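Data first, discussion second: the structure below is written as C-alpha cells.
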Amino acid sequence: MPGARMHDRAVLDALEDLKPEPFKGDVWRVTGAGRDPLRGSTAHGRWSPPGEFEVLYTSLSREGAIEEIGYRLSLEPVWPSRIKHEIHTLAASTKRTLRFADVEALVPLGVNAARYSSFAYEATQAIAAAANFLSFDGLLVPSARYPATNLVVFKDQLDSKFSVRGTQSLDWTEWRKKHGR
C-alpha cells in the first residue's frame, strides 16, 4: 500500500512482549464547546501520527486534562478569548491497553526523556502507530504537562465502552492567574 508506515521491528517486538491490561474508570477531556467529546483527532500530536488513525486523548486527572489544553492555548501570541471550552467526565473502559508508568519506561522504545515535553513527537508517534498496528486499544502514558497519567485511545481498535458522565463549561480565568498568563 503506498504511503503505508514501515514500523520499527524492535519497537514492534518490544510492544509484543508487554502484557496489555484493561482499564476501567473515569477520565477527563477538554474540548471546544459543543464538540463531541467522544470524537477523536487525526491531527499531529504526541501520540497521533497525522492522518493515520483517530486518537482520543484523555487524562486520569481533571487538572491534567486542563493543563494539556491550557499549555497549548498559552503558546498563542494573544490568549484566544472568544474560544469556549468544556471539560467532560467520561466513563472509560478498555480491554487491551499498554501501560507506561513513567517517561523512563518509554526510553527503550526510542523516547528521549529529556525532550519528552518538547514537540519532538517522532518516537512517541512511532510507538502509537506500532501499538495500533498490533491491535492494542490504547496507551496509559505520562502527561508531558502535569504529574498525571493520560489514557490515549486508538478509536479504530476500540472494542470498549466510553460514555459522557458530565460536562461543565471551562473558565480559563483561574488557570491563567495561576500560571501568570
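The values are calculated or read from the model by the stated rules, or taken from the named source; none is laboratory data. Since we're looking at a predicted model, the values are computed, not measured. Here the Cβ is made from the backbone with ideal geometry for all residues, glycine too, and neighbour counts use every protein chain on show.
Being of a type in the set (S, T, N, Q) and not in a helix (DSSP H, G or I) is the filter here; which residues of region 153-181 pass it?
Applying the first criterion (of a type in the set (S, T, N, Q)) to region 153-181 yields 157, 160, 163, 167-169, 173.
Ser160, Ser163, Thr167, Gln168, Ser169 - these are the residues of region 153-181 that are of a type in the set (S, T, N, Q) and not in a helix (DSSP H, G or I).
Mind listing whichever residues of region 15-41 are among the hydrophobic types (A, V, I, L, M, F, W, C) and either out of contact with any helix residue (DSSP H, G or I) (no Cβ under 6 Å at 6 or more places or on another chain) or in a loop (DSSP other than H, G, I, E, B) (or both)? Can you show your working first?
Here is the first cut: in region 15-41, the ones among the hydrophobic types (A, V, I, L, M, F, W, C) are 15, 18, 23, 27-28, 30, 33, 38.
The answer is Leu18, Phe23, Val27, Ala33, Leu38.
Just checking, which of Phe133, Phe119 is touching a His at 6+ places or on another chain (Cβ under 8 Å), surrounded by fewer than 19 Cβ atoms within 10 Å (Cβ to Cβ) and hydrophobic (A, V, I, L, M, F, W, C)? Give the derivation first.
Numbers: Phe119 fails: touching a His at 6+ places or on another chain (Cβ under 8 Å).
Only one candidate passes the filter, namely Phe133.
In this structure, does Glu21 turn out to be modelled with pLDDT of 95 or more and acidic (Asp, Glu)? Full working, then the answer.
On the way: modelled with pLDDT of 95 or more: yes; acidic (Asp, Glu): yes.
Spelling it out, Glu21 is indeed modelled with pLDDT of 95 or more and acidic (Asp, Glu).
Which of the residues belonging to region 93-129 are within 17 Å of Glu52 (Cβ to Cβ) and β-branched (Val, Ile, Thr)?
Restricting attention to region 93-129, the residues satisfying the condition of being within 17 Å of Glu52 (Cβ to Cβ) are 121-129.
If the condition is that a residue be within 17 Å of Glu52 (Cβ to Cβ) and β-branched (Val, Ile, Thr), then Thr124, Ile127 are the ones that fit.
When you scan region 42-152 for strands (runs of 3 or more DSSP E) that lie fully inside it, which ones turn up with 1 or more residues that are within 16 Å of Val30 (Cα to Cα), in contact (Cβ under 8 Å) with a residue 12 or more places away in the chain and within 13 Å of the chain's Cα centre (by Cα)?
Working: elements: 55-59, 85-99, 138-142.
Hits in region 42-152: 55-59.
Return the residue satisfying two criteria in turn: it lies in region 136-181 and is closer than 30 Å to Leu12 by Cα and acidic (Asp, Glu), and of such residues it is surrounded by the fewest Cβ atoms within 10 Å (Cβ to Cβ).
Of the residues in region 136-181, the ones closer than 30 Å to Leu12 by Cα are 136-162.
Still in the list and also acidic (Asp, Glu): 137, 156, 159.
On the way: Asp137: 23, Asp156: 13, Asp159: 9.
Ranking the candidates gives Asp159 first.
Give the number of residues within region 1-14 that are in a loop (DSSP other than H, G, I, E, B) and surrounded by 12 or more Cβ atoms within 10 Å (Cβ to Cβ).
First pass over region 1-14, keeping only residues in a loop (DSSP other than H, G, I, E, B): 1-8.
Those left that are additionally surrounded by 12 or more Cβ atoms within 10 Å (Cβ to Cβ): 5, 7-8.
Going through region 1-14 one residue at a time, the tally reaches 3.
Please state which of the following conditions Lys161 fails to meet, knowing it meets all the rest: (1) at pLDDT below 95; (2) within 15 Å of the chain's Cα centre (by Cα); (3) not acidic (Asp, Glu).
Condition not satisfied by Lys161: (2).
Report, by residue number, each residue of region 43-62 that is within 12 Å of Ala148 (Cβ to Cβ) and of a type in the set (Val, Ile, Thr).
Answer for region 43-62, where residues must be within 12 Å of Ala148 (Cβ to Cβ) and of a type in the set (Val, Ile, Thr): just Thr58.
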